[in-house]
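Just so it is clear, none of the values below were taken in a lab; they were calculated from the coordinates. Treat the numbers as computed from the prediction; the structure is a model and nothing was measured. Cβ placement follows ideal geometry from the backbone for every residue including glycine, while neighbour counts extend to all protein chains displayed.
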Amino acid sequence: MRKTIIVIVVIAVLGLIYGFSTYNSLVTLNVAADTQWKQVETNYQRRFDLIPNLVESVKGVMKQEQAIFTAIADARTRYSGATTPAERAAAANQVESALGRLLVITENYPQLKSSDTVQTLMSQIEGTENRISVERMRYNTAVQAYNLKVKRIPSSIIAAITGFDEREYFNAAPGTETAPKVSF
């Protein structure tokens, strides 16, 4: 009888240890995904800080392209007012679309391409876009690790009990697979 009680206590203690360990692992993975999303947002902010400089450098030469500048400014405003990752991603996708059109236009204006300021800023934006792409990939990797932990048995039981739900991956907006068309 005494051995049975000891076995039950040992199993209960092991179960508690597993429960705490799983909970802590879920917290760690959840925070890692949050941290990675902040990296995405940091690069979005870098992009938004660079854009006004580029716009000001290019404005004098490209007055007829005011619609693109307005679209960029509107998307920046939407991003600033966004409260969820999904809203921020949607606003960031709008910026990407406008930037794509802007990049196509700058390629067609030789006087713009020769401007050192524009070239430097374009290079900075290109680098930022690459950073954003990498950070989005890292975010999705962090979300994947977290979601796997939330879905796999037996950790899914602890996740359900403690309120850990699946997270959303970053998804590109529909239509972003198509290159922007610019006509003059």
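A few remarks follow.
- The 3J(HN,Hα) values that the Karplus relation (6.51, -1.76, 1.60; θ = phi - 60°) gives for segment 127-140 are, in residue order, x, 5, 4, 5, 4, 4, 4, 5, 5, 4, 4, 5, 4, 4 Hz. Gly and Pro appear as x.
- Panel order for Ile158, Ile5, by other beta carbons found within 10 Å of each beta carbon, from fewest to most: Ile5, Ile158.
- Listed values for segment 39-44 are Karplus-derived 3J(HN,Hα) couplings in whole Hz (6.51 cos²θ - 1.76 cosθ + 1.60, θ = phi - 60°), namely 5, 4, 5, 4, 6, 4, and x replaces Gly and Pro.
- If R0 equals 25 Å, the separation of the Cβ atoms of Ala172 and Val31 corresponds to a calculated FRET efficiency of about 0.50.
- Under 5 Å from the amide H of Phe170 lie the amide H atoms of Asn140, each residue being 5 or more positions distant or on a separate chain, with H modelled from the backbone and absent for Pro and chain starts.
- For Ile11 and Thr84, the difference between the fully extended length at 0.36 nm per residue and the C-alpha to C-alpha distance is 22.0 nm.
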